[in-house]
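Everything on this sheet refers to the single structure shown next.
The values are calculated or read from the model by the stated rules, or taken from the named source; none is laboratory data. These figures come from a predicted structure and were not determined experimentally. A quick note on method: Cβ atoms are made from the backbone with ideal geometry, for glycine too, and the neighbour counts reach across all protein chains shown.
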Amino acid sequence: MQRRLPLQAGGRVSDTMTRSRRHHDSLSSDVKGFLYAKESEGLSPVTIAGYAGALDLFLRAGQELGIPVVADDVTASDIRAFLSWLRYRGNTPVSINDRLRVLRAFFSFLVAEGQLVVSPCKTVKLLPEPEQEPRVLNDQQIADLFTLCNERTVSTFRAKAKCARDLAMTMLMLDAALRAGDVVSLDLADIDLEGRGLVIRSGKRQKQARLGFGKAARAALWRYVKNYRGDKPGPLFLSERGGRLDRHSLIKIYHKLAARTDWPDKRCHPHMFRHTAAYRLYRHTRDIGAVKRLLRHGTFEMTWRYVRMVEQDDALEIYQGDSPVDELLSGGLYGSANYAR
């Protein structure tokens, strides 16, 4: 008698014939092919690493949930089981949707390759996401970070090098609205100190972009390279071990810096510099096209968030003076003396 396997996440029972398919038909092998394809399309290493991480999590969760190891057998119920598994572990709707988008891309790739007829993600919908405004840093917070990155406050060469690097990164992100992936992918050759410009070669789909930065950032970069990094070709921002700084380490740097401040929430993330740059540019110029170009957005949809933020702040500033009610009462109407107490 043929032994039957236990009930799977998709609510079906599979027999041993299905489970004995060849290794090259397995999901893990398909994932490798998908990543190879994305690499050949010119996607950045950061994007590919994100795909790989999400798919590896799906495969590991699949072992716990009993999700089939063959793409043909994966159903929409399996995908939903994985999303529920993520939510149970405290993932936010934004994080869950990011992983669902990766699964959609992966199974759509298998459909395009002729390995599947229909993607199991086709009927799985994204979760509603709470609308959150981008967080920006105020002037005092920026000044606090500059102070913490002052190399004159430390004594050892290693600590001074770290401060010089962190100050240069902070100023560059604020001036050029860089993503974390942009920062860690920069090479020394990508920076033109004389012309105060840089070339981003690791953006989404490897699109190249030329961006500028200010005089203070140029001085900070020159000091970091001249006094600590050196002029050897290779990564611009180095880790303490001398290799390329990675995205995880970059995030950790700003978590540690924020922990040393007296900010109420003690939170800082590299992407906040990008938000801050966009917010300040629109507030100064009122040119949404300039903000879109700075952020390298494909459409205005994402850029409009910064317009709303500035307009909301403008509305609040109106009431720093006299509000309409204050003006009415100041004229002696309705017994203003009683209301002004």
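Observations on the structure shown:
- Here residue 170 clears all of (1) surrounded by fewer than 19 Cβ atoms within 10 Å (Cβ to Cβ); (2) assigned by TED's automatic domain parsing to the domain that holds residue 281 except the condition numbered (1).
- Among the residues here, residue 198 does not qualify as buried (at least 21 other Cβ atoms within 10 Å of the Cβ) and either part of a helix (DSSP H, G or I) or in contact with a Cys (Cβ under 8 Å, 6 or more places away or on another chain) (or both).
- Taken over segment 139-156, the residue count meeting the criterion of being closer than 18 Å to residue 223 by Cα, surrounded by 10 or more Cβ atoms within 10 Å (Cβ to Cβ) and not polar (S, T, N, Q) is 6.
- Looking only at segment 252-270, residues that are surrounded by fewer than 16 Cβ atoms within 10 Å (Cβ to Cβ) and either at positive phi or of a type outside the set (Lys, Arg) (or both) come to 8 in all.
- For the condition closer than 27 Å to residue 183 by Cα, hydrophobic (A, V, I, L, M, F, W, C) and not in a helix (DSSP H, G or I), residue 127 does not qualify.
- Single residue of segment 91-108 satisfying the filter (in contact (Cβ under 8 Å) with a residue 40 or more places away in the chain and closer than 10 Å to residue 54 by Cα) that is nearest to the chain's Cα centre (by Cα): 98
- Filtering 145, 178 for residues that are touching a residue at least 12 places away in the same chain (Cβ under 8 Å) and assigned to a loop (DSSP other than H, G, I, E, B) leaves a single hit, 178.
- Of all residues making up segment 256-281, the number that are under 20 Å from residue 172 (Cβ atoms) and in a helix (DSSP H, G or I): 15
- Qualifying residues in segment 136-168 (those that are of a type in the set (Lys, Arg) and out of contact with any Phe, Trp or Tyr (no Cβ under 6 Å at 6 or more places or on another chain)) - the one nearest to residue 254 (Cα to Cα): 162
- Of the criteria (1) among the hydrophobic types (A, V, I, L, M, F, W, C); (2) crowded, with 16+ Cβ neighbours inside 10 Å; (3) in the same structural domain as residue 149 (by TED's automatic domain parsing), which one residue 290 fails: (2)
- Hits in segment 18-51 (condition: at pLDDT below 85 and either surrounded by 12 or more Cβ atoms within 10 Å (Cβ to Cβ) or not assigned by TED's automatic domain parsing to the domain that holds residue 66 (or both)): 18, 19, 21, 25, 43, 44, 45, 46, 47
- Residue ID - modelled with the lowest pLDDT, chosen from residues in segment 205-229 that are closer than 30 Å to residue 51 by Cβ and not in a helix (DSSP H, G or I): 207
- Qualifying residue in segment 230-250 (condition: in a helix (DSSP H, G or I), in contact with a Leu (Cβ under 6 Å, 6 or more places away or on another chain), in contact (Cβ under 8 Å) with a residue 24 or more places away in the chain and outside the structural domain of residue 48 (by TED's automatic domain parsing)): no
- Pick from segment 149-163, criterion within 24 Å of the chain's Cα centre (by Cα) and part of a helix (DSSP H, G or I), ranking: nearest to residue 241 (Cα to Cα): 162
- Scan of segment 112-146 for residues that are modelled with pLDDT under 90 and of a type in the set (Gly, Ala, Ser), ordered by number: none
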